[in-house]
Amino acid sequence: DRSEIVFFDVETTVPARQGQGFAILEFGAILVCPRRLVELRNYSTLVRPADLSHISTLSVRCNGITKEGVVSAPTFADIADMVYDLLHGRIWAGHNILKFDIARIREAFAEINRPAPEPKGTIDSLVILRQKFGRRAGDMKMASLATYFGLGQQTHRSLDDVRMNLEVVKYCATVLFLESSLPDVFTENSWISPVYLEVDDDVPVSSISAALAPTHTVYNKIRLLCRDFALKLHCSNLKIRFGISTKYADSAGRPKLNIVVDAPPSLCLVLEKADRLARDLSISSSDWRDVVNRKPGFYNSPTVRLHLQTITEGETTQIGTEIYEEGNSGRRRRVVLNQVDVVELDSLFSPGNLVDAFF
């Protein structure tokens, strides 16, 4: 009845220019029993792309797969039967598969003029965990979740990644089960990740550094670190100077959601150090916009703009930022917005209100 869940992952080339597509370099999958969550079977292989020149230095830096490593590997056409048999008619699971891995599989089958496999259901752990688990592991990427649960470093190799994905799902499910079973014990402050540093007293500014991060796009990303760990900050009681505005919109016409807060000296010290490091590492020719805004004549009244992330799935746009409201009793409740409601957001982020920010 093909009842197993298939966790799968692809490693690809990184496009060197706009318009260049992805080429699969590795495919890995495990079949998992849905009742016991144990691995039943696995398959992985390197894949030789049609054009080896697409394996750029940036691509190798991302996943470690070199031209020499795949020159003797099978092509996707050679493994298509196996991939189809593993995937077709089963529940597909993976981290960010809806936006990345599924698209790459369908492209690969289209290139060899064969129908792509179809799932009987999909489980994207990135989407589900953002909804159910919150942002306690920061950006909720696999590497961040692995660090959060102490599972080691993500290797960006397909079979390792899908096995790590399964373990992450198990850990998250256990935490959510405990919180739902004993809400009075576990819910309080459970959404706050222990890796966030208190700006006032926890951040050794001299230990902040910056490094280029692996990426699947032509654009470079910069990671900010503190003692070799991702820099994550918690700053309390930031006073809102300007609330939500509908004045600015993105290319799709959606309002850009952000607020402006007064920045205390301790926060300015950390952000300006991080800003300098990122600017020095950046290779962009665009004008650099300082993170801390100091307007002429108001140098001693700096501000910081905090962005509220939005996530678009199909025609629906939702708030991706976790929002909690503290009542008179001191207990926090999560603010659940099924869609972007600027009016309600404006009432929460009114000028003069105080916010605790995690970023």
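Which numbered condition in (1) farther than 19 Å from Thr122 by Cβ; (2) of a type outside the set (Val, Ile, Thr); (3) surrounded by fewer than 17 Cβ atoms within 10 Å (Cβ to Cβ); (4) touching a helix residue (DSSP H, G or I) at 6+ places or on another chain (Cβ under 8 Å) is the only one that Leu37 fails?
(1) is the only condition that Leu37 fails.
Looking at the range 152-171, which of the residues that are assigned to a loop (DSSP other than H, G, I, E, B) and more than 17 Å from the chain's Cα centre (by Cα) is farthest from Val83 (Cα to Cα)? Don't jump to the end; show me each part of the working.
Let us first name the residues in the range 152-171 that are assigned to a loop (DSSP other than H, G, I, E, B), namely 152-157.
Next, only the ones that are more than 17 Å from the chain's Cα centre (by Cα) stay: 152, 157.
Working: Gly152: 28, Arg157: 17 Å.
Among them, the one singled out is Gly152.
What is the one condition in (1) in contact with a Leu (Cβ under 8 Å, 6 or more places away or on another chain); (2) buried (at least 21 other Cβ atoms within 10 Å of the Cβ); (3) over 30 Å from Tyr324 (Cα atoms) that Ala73 does not satisfy?
Just one mismatch for Ala73, condition (2).
Given the structure, is Ser59 in the same structural domain as Leu145 (by TED's automatic domain parsing), crowded, with 19+ Cβ neighbours inside 10 Å, of a type in the set (S, T, N, Q) and not in a loop (DSSP other than H, G, I, E, B)? Walk me through it before giving the result.
On the way: in the same structural domain as Leu145 (by TED's automatic domain parsing): yes; crowded, with 19+ Cβ neighbours inside 10 Å: yes; of a type in the set (S, T, N, Q): yes; not in a loop (DSSP other than H, G, I, E, B): yes.
Criteria met by Ser59.
Could we say that Leu267 is surrounded by 17 or more Cβ atoms within 10 Å (Cβ to Cβ), under 23 Å from the mean Cα position of the chain (by Cα), in contact (Cβ under 8 Å) with a residue 12 or more places away in the chain and closer than 23 Å to Gly138 by Cα here? Spell out how you get there, then give the answer.
Working: surrounded by 17 or more Cβ atoms within 10 Å (Cβ to Cβ): yes; under 23 Å from the mean Cα position of the chain (by Cα): no; in contact (Cβ under 8 Å) with a residue 12 or more places away in the chain: yes; closer than 23 Å to Gly138 by Cα: yes.
In short, no.
Does at least one position in the range 67-80 carry a residue that is closer than 28 Å to Leu166 by Cβ, part of a loop (DSSP other than H, G, I, E, B) and either in contact (Cβ under 8 Å) with a residue 40 or more places away in the chain or of a type in the set (Lys, Arg) (or both)?
Checking the range 67-80: not a single residue is closer than 28 Å to Leu166 by Cβ, part of a loop (DSSP other than H, G, I, E, B) and either in contact (Cβ under 8 Å) with a residue 40 or more places away in the chain or of a type in the set (Lys, Arg) (or both).
Which is in the same structural domain as Gly21 (by TED's automatic domain parsing), surrounded by 19 or more Cβ atoms within 10 Å (Cβ to Cβ), among the aromatic types (Phe, Trp, Tyr) and touching a residue at least 24 places away in the same chain (Cβ under 8 Å), of Phe100, Phe133? Before you say what the answer is, go through the steps one by one.
Details: Phe100 fails: surrounded by 19 or more Cβ atoms within 10 Å (Cβ to Cβ).
Result: Phe133 is the single residue among Phe100, Phe133 that is in the same structural domain as Gly21 (by TED's automatic domain parsing), surrounded by 19 or more Cβ atoms within 10 Å (Cβ to Cβ), among the aromatic types (Phe, Trp, Tyr) and touching a residue at least 24 places away in the same chain (Cβ under 8 Å).
In this structure, is Arg332 surrounded by 13 or more Cβ atoms within 10 Å (Cβ to Cβ), under 16 Å from Leu238 (Cβ atoms) and assigned by TED's automatic domain parsing to the domain that holds Leu225? Steps first, please.
Working: surrounded by 13 or more Cβ atoms within 10 Å (Cβ to Cβ): yes; under 16 Å from Leu238 (Cβ atoms): no; assigned by TED's automatic domain parsing to the domain that holds Leu225: yes.
In short, no.
What number of residues within the range 1-41 are assigned to a strand (DSSP E or B) and under 26 Å from the mean Cα position of the chain (by Cα)? Lay out the reasoning, then the answer.
Keep residues of the range 1-41 that are assigned to a strand (DSSP E or B), which gives 5-12, 24-32, 39-41.
Narrowing the set further to residues that are under 26 Å from the mean Cα position of the chain (by Cα) leaves 5-12, 24-32, 39.
The number of residues fulfilling the criteria is 18.
Which one of these does His307 not meet: (1) modelled with pLDDT of 80 or more; (2) surrounded by 13 or more Cβ atoms within 10 Å (Cβ to Cβ); (3) within 20 Å of the chain's Cα centre (by Cα)?
(2)
Among all residue pairs at least 6 apart or on different chains, which show Cβ distances below 6 Å where the first residue, located in the range 277-290, is over 10 Å from Ile222 (Cα atoms) and the second is assigned to a helix (DSSP H, G or I)?
Short answer, once both residue conditions are applied: Trp288/Arg279.
If only one of Ser125, Ser56 is more than 23 Å from Arg2 (Cα to Cα) and either small (Gly, Ala, Ser) or touching a residue at least 12 places away in the same chain (Cβ under 8 Å) (or both), which one is it?
Numbers: Ser125 fails: more than 23 Å from Arg2 (Cα to Cα).
Checking each option against the conditions leaves just Ser56.
Would you check if there is a residue in the range 106-114 being at pLDDT 95 or above, not hydrophobic (A, V, I, L, M, F, W, C) and not in a helix (DSSP H, G or I)?
At the first step, the residues of the range 106-114 found to be at pLDDT 95 or above are 106-114.
Right, trim to not hydrophobic (A, V, I, L, M, F, W, C) and you get 106-107, 111, 113-114.
Those still in the list that are not in a helix (DSSP H, G or I) too: 113-114.
Yes, the range 106-114 contains at least one residue that is at pLDDT 95 or above, not hydrophobic (A, V, I, L, M, F, W, C) and not in a helix (DSSP H, G or I).
For the range 50-98, what are the residues that are β-branched (Val, Ile, Thr) and more than 28 Å from the chain's Cα centre (by Cα)? First the steps, then the outcome.
Taking the range 50-98 and keeping what is β-branched (Val, Ile, Thr), we get 55, 57, 60, 65-66, 70-71, 75, 79, 83, 91, 97.
Val70, Val71, Thr75, Ile79 - these are the residues of the range 50-98 that are β-branched (Val, Ile, Thr) and more than 28 Å from the chain's Cα centre (by Cα).
Suppose we filter the range 257-275 for residues that are among the small types (Gly, Ala, Ser) and part of a loop (DSSP other than H, G, I, E, B); how many remain?
Of the residues in the range 257-275, the ones among the small types (Gly, Ala, Ser) are 263, 266, 274.
If we keep only those that are part of a loop (DSSP other than H, G, I, E, B) too, we end up with 263.
Total satisfying the criteria: 1.
The values are calculated or read from the model by the stated rules, or taken from the named source; none is laboratory data. These figures come from a predicted structure and were not determined experimentally. Positions of Cβ are backbone-derived with ideal geometry, glycine not excepted, and every protein chain shown enters the neighbour counts.
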